[in-house]
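One structure below.
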Amino acid sequence: MSLRSAITRIRSIPELQKKYNIFITLDRDAEQKLQDKEQKDQLLSYLVAGIKDNIVTKDMRTTCGSEILNDYVSPYDATCIKMLRDSGSIIIGKTNMDEFGMGSGGLHSYFKPVINPLFDDQKKVAGGSSSGSAAAVAAGAVDFALGTDTGGSVRLPAAYTSILGFKPSYGRISRHGVIAYAQSLDCVGILAKEYYILKKVFSVLDKHDDKDPTSLSKELREKASQRTKKNKTFRIGIPQEFIQNSIPSEMRTTYLNFVEKLMSKGHEVFPVTIPSAKDSLPIYYTLTPAEAASNLSRYDGIRYGERDEKRDIQDGTLFAPTRSKFGTEVQNRIILGNYNLCSAAFKDHYVKAQKLRVKLINDFDAVFRLPNLLFGSKGNENGVDFILSLTATNYPPTIDSFHKADLVSPTNEYLNDVFTMPMSLAGLPTLSLPPLKNVPIGVQLTGQYADDISVIDFCSSLE
Ligand code: GLN
């Protein structure tokens, strides 16, 4: 990377922005800042980055794709932003996203949908909720982008735009300054086209942060690095729960060819079972709206958001004028979340979902060879090193058809994440990669908790 390549990228952005609606806010002075900057040789020097607009930056507004934060500028940089800047990266803009990370097609943005750069002739979705981050990388506007993944929001857009999308283990990258959607699942993830860039960025961000109470401790990081695998061949499990008849046949063929490629490289492939994976969708849509409802209560026009000039009450509802600035999907989730937390439903919904989440984690632990560093499982000596599945159940739909399906029922959209949610609920490191160049299909490889480096190294060895 050089000053010239960075400037070329920056100059390409206005045209790409017009075509794909990638960014919500751009740093118009980026080129000047780059020219003025004293050039030191740092790990991320000249790497141009796009940042999902739910990660706070002090020099650009952070909207979360929402009208309610339209003018919000943070007084500080998120830890991950500070780390990127300190390593020489140039942050060019804040990328478009589904409002507060809720969505899988990028259609729930106050700033209009992102258009998938892989399809110039048709308006297709780029996936969500990190839609702009994926499109920025796919279109070549940036060298890498940060997204967030709560239930699949880095991996699904990566698959739809045929790039790499890495969701690290929960707690590996600091969440300090990441606006919470569902904090027990939220992870910062990295999108890039090249492994060497993804690895560099992860090495910069993969640090303990005292400001994030859920950041993985230094001791556990040390233990995790001691068990990073140096094998040449691995055992890979394919969970039967991730095989569906509805998968389009060319997608199935690409997937099977990928499995064959693994075997031809000497890896062993086994069928495995994660019985609770089938419960992931209801667990996810019970827990995340509950966490979201609680997190979003701060947008009351007093702490965050703008207070209506004339009134706080509309039709007897306090804060209704302010909170109508949330889009429909966010409002739906607040209602659902508060319902799941109310005394009538708490035990049967929220508590039950928490118990099922533990069962799901135990199911994953039962198939991995490595013990779970956090929960102290035994490890299965006949188990596998990685789990393989498709990332998405289908190809990216057109914006039109996605919108229509959403109008019929929001659950149609929820179904897009069935293959990505289980790993999010279990906090596992997972990388989605495109088995074929420029084809919107992703396969994802998952490792045991904290085995992030092994996952990245293994995936990059397959190139
Ligand atoms: N599509 C899922 C949702 O709407 C996942 C989103 C995410 O990972 N941020 O909750």
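Quick note: the coordinates plus some simple rules give every number you see, no bench work behind them. The structure displayed is predicted, hence computed values, not measured ones. All Cβ positions, glycine included, derive from the backbone under ideal geometry; neighbour counts span all protein chains shown.
Using the Karplus relation 6.51 cos²θ - 1.76 cosθ + 1.60 with θ = phi - 60°, the per-residue 3J(HN,Hα) values for the stretch 273-279 come to 10, 10, x, 6, 4, 5, 8 Hz, with x marking Gly and Pro.
Using the Stokes-Einstein relation with a Kirkwood hydrodynamic radius computed over Cα pairs, the translational diffusion coefficient of the chain at 10 °C and a viscosity of 1.306 mPa s comes to 72 µm²/s. Highest mean packing first, where packing is the average number of other Cβ atoms within 10 Å per residue, the peptides 179-189, 110-120 line up as 179-189, 110-120. Geometric descriptor of the stretch 56-125, per residue, is 108 Å³ (volume of the convex hull of the Cα atoms).
So, in Å, what gap is there between the alpha-carbon centers of the stretch 374-416 and the stretch 1-64? Taking the Cα centre of each part, the stretch 374-416 and the stretch 1-64 sit 31 Å apart.
Among the listed pairs 325/404; 355/404; 211/352; 167/223, those with a Cα-Cα distance over 28 Å are 355/404; 211/352. In terms of overall dimensions, the stretch 140-199 has a Cα radius of gyration and Dmax of 11.3, 32 angstrom. Sequentially through the stretch 444-453, phi angles give Karplus couplings (6.51, -1.76, 1.60; θ = phi - 60°) of 10, 10, 10, x, 5, 3, 6, 8, 4, 5 Hz, Gly and Pro residues having no value and appearing as x. Note on the stretch 25-83: Cα convex hull, mean projected area over all directions, 4.5 nm².
Across the stretch 322-463, the convex hull enclosing all Cα atoms gives 166 Å³ per residue. Taking N as the residue count of the stretch 98-141, its C-alpha radius of gyration divided by 2.2 N^0.38 Å amounts to 1.04. Considered as an equivalent ellipsoid built on the Cα gyration tensor, the stretch 81-199 has semi-axes of 21, 17, 13 Å, the largest given first.
Under 5 Å from the amide H of residue 108 lie the amide H atoms of 99, each residue being 5 or more positions distant or on a separate chain, with H modelled from the backbone and absent for Pro and chain starts.
Judged by the mean number of other Cβ atoms found within 10 Å, the most tightly packed of the peptides 205-215, 413-423 leads the ranking 413-423, 205-215. If we count every other residue with Cβ under 9 angstrom of residue 77's Cβ, Lys/Arg +1 and Asp/Glu -1, where does the sum land? Every neighbour counted, the sum reads +2. For the stretch 1-134, the normalised intensity computed at q = 0.10, 0.14, 0.15 Å⁻¹ comes to -0.32, -0.63, -0.72 (log10 of I(q)/I(0), Debye sum over alpha carbons, equal scatterers, no solvent). Note that the stretch 169-279 carries a Kirkwood radius of 17.5 Å, evaluated over its alpha carbons pair by pair. Our Cα-only numbers for the stretch 239-321 put the radius of gyration and Dmax at 24.1, 70 Å. Each peptide in 389-398, 302-311, 145-154 receives the mean, over its residues, of other Cβ atoms within 10 Å, and ordering these scores from highest gives 145-154, 389-398, 302-311. What the pair-distance distribution of the stretch 411-463 shows, using all Cα-Cα distances binned every 5 Å from zero, is 4, 18, 24, 22, 18, 10, 3, 0 percent.
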